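Novice: Handing you this structure, nothing more for now.
The values are calculated or read from the model by the stated rules, or taken from the named source; none is laboratory data. As the structure is a prediction and not an experimental result, all values here were calculated from the model. We place every Cβ from the backbone using ideal geometry, glycine too, and count neighbours over all the protein chains shown.
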Number of protein chains: 2
Amino acid sequence: MQKVDFIIRADYLLTMDGGLDVIRDGAVAVTGKNITDAGTFADIAKKYSAEKILGGTNKVVFPGLINTHTHAAMVYLRGLADDLPLQEWLEKHIWPVEGKWLTSEFVDDAVGLACLEMLKAGVTTYADMYFYEDTAGKKLEKIGMRAVLGAGIIDFPSKYAQSADDYFKNAENLITNWKGSELVTPCVAPHATYTCGPDNYKRASALAEKHGVLLHTHLAETRFETGLCQQRFGKTPVEYLDGIGVLSERMFAAHCVWLTDRDIEILAKRNVGVCHCIESNLKLASGFSPVPKLLKAGVKVALGTDGAASNNDLSILGEMSTAAKVHKAVTEDPTVVDSKTALLMATRNGAEILSLGDKIGSLRPGKRADIVIADLAQPHLTPIYDVYSHITYCMRPSDIETVMVNGKIVVEGGKLTTMDEAEIMAKAKVWQGKIKG
Amino acid sequence: MQKVDFIIRADYLLTMDGGLDVIRDGAVAVTGKNITDAGTFADIAKKYSAEKILGGTNKVVFPGLINTHTHAAMVYLRGLADDLPLQEWLEKHIWPVEGKWLTSEFVDDAVGLACLEMLKAGVTTYADMYFYEDTAGKKLEKIGMRAVLGAGIIDFPSKYAQSADDYFKNAENLITNWKGSELVTPCVAPHATYTCGPDNYKRASALAEKHGVLLHTHLAETRFETGLCQQRFGKTPVEYLDGIGVLSERMFAAHCVWLTDRDIEILAKRNVGVCHCIESNLKLASGFSPVPKLLKAGVKVALGTDGAASNNDLSILGEMSTAAKVHKAVTEDPTVVDSKTALLMATRNGAEILSLGDKIGSLRPGKRADIVIADLAQPHLTPIYDVYSHITYCMRPSDIETVMVNGKIVVEGGKLTTMDEAEIMAKAKVWQGKIKG
């Protein structure tokens, strides 16, 4: 009998590996930060003895959910302005408030709230694009959450950086500070074609190349952006970025709403990962990303919440449900984005577009133990005929009981174990008062 | 000081009356089954003393949510078959299972689970279309929930009724059994244009007229239905039903997806209520109902979950969020279906299309006390700048703490007070076993 730290048992185990089979009465063995084994409980119980048994009857276990596009600290601007066009929302509401309040201290406190919300909802990894990401990294280590942090690059000065040189110095510092970290993966994040000129995109790409890190950007989000790109360069945003040589498997791009068939071919050929942010795209009236076409073309599509200021929450379960439903109506085909595909996008695809496929995204021996235990003994999850269907169409963040990141329990009984929830909430209230003015 | 049974206090009180103002530190006084008064806590506390004070800091109070279209007992078929076209889903999966298992006992047990799920999610009234509604009525009285129960009428025989005469005898019995009931309002429910011929529609309308009750139907749900109607009658479903004289303010119609501008004019002119079931329409790939156009034309639009077999849950909060987001993308206008409109559809509009506007839908003195208390001290509801935005875009059923129907507390601390939750869940598991076979 091999000793392990945890055996996690469940009525339904979804490893999200291989053929996506459901293992009934399954179990996962965890040692240190890694998954040691996964299979039926009968097999696992024969091979291992554990310090602690988690899960049990009426539970389902699946890999930690992955939020591939957000601006975590913007959680402090949740619901500040709604039901407005993207440009007006950004220029008249979000940017002025950020201009006034955004500091390293703001990011420190706000990221705490974002992590609290995400972890309790089963999200174990997020990919960010913002400023003061060094501060976010330190908070992540404290709270015990995994992230790919992108140092934002824009063409205009801010409190965070006065010049292009400043932005790139901050980005390179982020990379050197966090390269090799277990939980935090640094990357470079040129904002979008309408806020970053070709020089900054090329410079970002060169920096990413130099350090072997990823590029995170917004791409083809709105009709406005596409029109502007056509006007300036006579190309779609995808054609334009391809033309300046910055599209590759190193890039993961949020939104990808306004795509031509040629754009889809380019994204597939360049192996660019797509972060589908459906709830943000709906709420800001950006449009419908052609996800079924992207998937058919072999493009890796994962899910993202976008910032809570636009969405207005950070729940990947919500994005799964919305994506699985909306694309059926758009294509008039109820078979597209089925419930397995939705969970695949939220787990394995997410890991792959973040180049973390060797570490997370499925419960395979040797990978990190980023694991969710959810409770199925809920009225809205009863009766049960298909567990994938329930996770995609019915499960709510409140059903998440236990969350493990890197082999460490960070949520137990629905409560954060690593930091004081009340303190995080109290800090948010103080900032709310300041921002309201 | 007038004595009342309850004073319900909250940081934010949304009466959904008049101009939809938010009352900060508000309170509602309840006596017996009725609302006695609503206003600021300071005013209410001066005028009334109560047996029991509910609510308090970090709470928001609003009227019970209204689900204007469901098939409650179908909750037992939740997730039985997904990601399929409507006709295949109905004909190959749902109808065969119903044919085998649907009995009065099935309805009795299944309605218990549906009510449990809805009440815990803040839904205090639902409008149903199904069979064995007498059984449902008895369960509703036991559990303490309000409903408009529609006796289903279809052209073909079933275990429930062998002939048209049988269906109408059952419908008339339902009406006479429940007319004047405090919680249960009976009505007649001809299923749809593709399952009910003109004779049954006219007979249903005459029966409704005779007893002064409502008509509940499915209308213009799918491209299939619209095509069939054009083929048979050379008319859209709305034109056809109008042509046979059955459209009036007595009718509330679910779906209304495939509408011409002329159809919208007819619905407005005839004062037909529309139950918008967006999540069902998305998931079954039925399409997008032109809700912003309907609202602009003055049609009363409320929200419905449809049955849990198609949706797959019974949460009106979910429908609000989805409706508020999706119509923005469809119309490329982020200002449509704003957060106030979403809550209005879920409360006052719902009451009005069910002809219960004098009893429920807003917290006005003299109306019944159907009231929800929700907790705002949650990470996903923090910070808070606009309470309407939070209810529509971020609130989850798990935030609902206390629910009152007809002046009686039915949910307290998130738990059902009127029946044993474990027993309801255990019964569902037994039926799950039978249905799985």
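Novice: Would you please list the contacts, defined by Cβ atoms under 6 Å and residues six or more apart or on different chains, that run from a residue in the stretch A:97-120 that is within 22 Å of B:L381 (Cβ to Cβ) to a residue that is among the aromatic types (F, W, Y)?
Specialist: Once the first residue is within 22 Å of B:L381 (Cβ to Cβ) and sits in the stretch A:97-120, its partners that are among the aromatic types (F, W, Y) give A:V107/A:Y132; A:A110/A:Y76.
Novice: Here is a follow-up. Among residues belonging to the stretch B:45-80 that are within 14 Å of chain A (Cβ to nearest Cβ) and over 23 Å from the mean Cα position of the chain (by Cα), point out the one that is nearest to B:K429 (Cα to Cα).
Specialist: B:N58
Novice: Shifting gears a bit: Consider the stretch B:372-382. How many of its residues are surrounded by fewer than 23 Cβ atoms within 10 Å (Cβ to Cβ) and under 18 Å from A:M74 (Cα atoms)?
Specialist: 1
Novice: Any idea which residue in the stretch B:144-156 is surrounded by the most Cβ atoms within 10 Å (Cβ to Cβ), counting only those that are over 17 Å from the mean Cα position of the chain (by Cα) and touching a residue at least 40 places away in the same chain (Cβ under 8 Å)?
Specialist: So the residue we want is B:I153.
Novice: Does A:P96 satisfy being surrounded by fewer than 22 Cβ atoms within 10 Å (Cβ to Cβ) and away from chain B (no Cβ under 11 Å)?
Specialist: yes
Novice: Can you say whether B:S248 is within 14 Å of chain A (Cβ to nearest Cβ) and either in contact with a Ser or Thr (Cβ under 7 Å, 6 or more places away or on another chain) or among the small types (G, A, S) (or both), as far as the supplied structure shows?
Specialist: no
Novice: Just give me the residues in the stretch A:58-91 being of a type in the set (S, T, Y) and out of contact with any strand residue (DSSP E or B) (no Cβ under 6 Å at 6 or more places or on another chain), in sequence order.
Specialist: A:Y76
Novice: Kindly state which strands (runs of 3 or more DSSP E) lie completely within the stretch B:326-420 and contain at least 1 residues that are more than 14 Å from chain A (Cβ to nearest Cβ) and without any contact (Cβ under 8 Å) to a residue 24 or more places away in the chain.
Specialist: Because the criterion is at least 1 residues that are more than 14 Å from chain A (Cβ to nearest Cβ) and without any contact (Cβ under 8 Å) to a residue 24 or more places away in the chain, the strands (runs of 3 or more DSSP E) in the stretch B:326-420 that meet it are B:408-412.
Novice: Regarding the stretch A:174-193, can at least one residue be identified that is closer than 24 Å to A:A309 by Cα and within 14 Å of chain B (Cβ to nearest Cβ)?
Specialist: no
Novice: Could you list, in sequence order, the residues of the stretch B:16-68 that are assigned to a loop (DSSP other than H, G, I, E, B) and touching a residue at least 12 places away in the same chain (Cβ under 8 Å)?
Specialist: The answer is B:M16, B:D17, B:L20, B:G32, B:K33, B:G64.
Novice: Within the bounds of the stretch A:203-223, is there any residue that is within 21 Å of the chain's Cα centre (by Cα) and of a type in the set (S, T, N, Q)?
Specialist: Yes, the stretch A:203-223 contains at least one residue that is within 21 Å of the chain's Cα centre (by Cα) and of a type in the set (S, T, N, Q).
Novice: Here's a follow-up. In this structure, is A:V28 under 21 Å from the mean Cα position of the chain (by Cα), modelled with pLDDT of 95 or more, farther than 30 Å from A:L219 by Cβ and of a type in the set (A, V, I, L, M, F, W, C)?
Specialist: For A:V28, the condition - under 21 Å from the mean Cα position of the chain (by Cα), modelled with pLDDT of 95 or more, farther than 30 Å from A:L219 by Cβ and of a type in the set (A, V, I, L, M, F, W, C) - is not met.
Novice: Just to be sure before I move on: is B:G273 over 20 Å from the mean Cα position of the chain (by Cα) and either in the same structural domain as B:V111 (by TED's automatic domain parsing) or among the aromatic types (F, W, Y) (or both) in the structure I sent?
Specialist: Judged against the criteria, B:G273 is not a match.
Novice: So A:S49 fits all but one of (1) surrounded by fewer than 22 Cβ atoms within 10 Å (Cβ to Cβ); (2) touching a Ser or Thr at 6+ places or on another chain (Cβ under 8 Å); (3) of a type in the set (S, T, Y); what number is the exception?
Specialist: Result: A:S49 fails condition (2) only.
Novice: Give the residue that is nearest to the chain's Cα centre (by Cα), with candidates limited to residues of the stretch A:288-302 that are closer than 21 Å to B:V330 by Cβ and more than 11 Å from chain B (Cβ to nearest Cβ).
Specialist: Ranking the candidates gives A:V291 first.
Novice: Another question about this same structure. Take the residues in the stretch A:421-430 that are closer than 25 Å to B:S321 by Cβ and touching a residue at least 24 places away in the same chain (Cβ under 8 Å), then tell me which one is surrounded by the fewest Cβ atoms within 10 Å (Cβ to Cβ).
Specialist: A:E421
Novice: Return yes or no: is B:A369 closer than 15 Å to B:A27 by Cα and not β-branched (V, I, T)?
Specialist: For B:A369, the condition - closer than 15 Å to B:A27 by Cα and not β-branched (V, I, T) - is met.
Novice: For A:N170, work out the one condition from (1) in contact with a His (Cβ under 8 Å, 6 or more places away or on another chain); (2) surrounded by 16 or more Cβ atoms within 10 Å (Cβ to Cβ) it doesn't fulfil.
Specialist: Going through (1) in contact with a His (Cβ under 8 Å, 6 or more places away or on another chain); (2) surrounded by 16 or more Cβ atoms within 10 Å (Cβ to Cβ) one by one, A:N170 breaks only (1).
Novice: Given the stretch A:212-314, what helices (runs of 4 or more DSSP H) lie entirely inside it while holding 2 or more residues that are surrounded by fewer than 24 Cβ atoms within 10 Å (Cβ to Cβ)?
Specialist: Result: A:223-233, A:237-243, A:261-270, A:291-296.
Novice: So for the stretch A:127-138 (the condition being in contact with a strand residue (DSSP E or B) (Cβ under 7 Å, 6 or more places away or on another chain), under 25 Å from A:D166 (Cβ atoms), away from every other protein chain (no Cβ under 14 Å) and among the aromatic types (F, W, Y)), does at least one residue qualify?
Specialist: There is at least one residue in the stretch A:127-138 that is in contact with a strand residue (DSSP E or B) (Cβ under 7 Å, 6 or more places away or on another chain), under 25 Å from A:D166 (Cβ atoms), away from every other protein chain (no Cβ under 14 Å) and among the aromatic types (F, W, Y).
Novice: Here's a check for you: in the stretch B:14-40, which residue that is among the aliphatic types (A, V, I, L, M) and surrounded by fewer than 22 Cβ atoms within 10 Å (Cβ to Cβ) is farthest from B:K340 (Cα to Cα)?
Specialist: Looking at residues that are among the aliphatic types (A, V, I, L, M) and surrounded by fewer than 22 Cβ atoms within 10 Å (Cβ to Cβ), I get B:I23.
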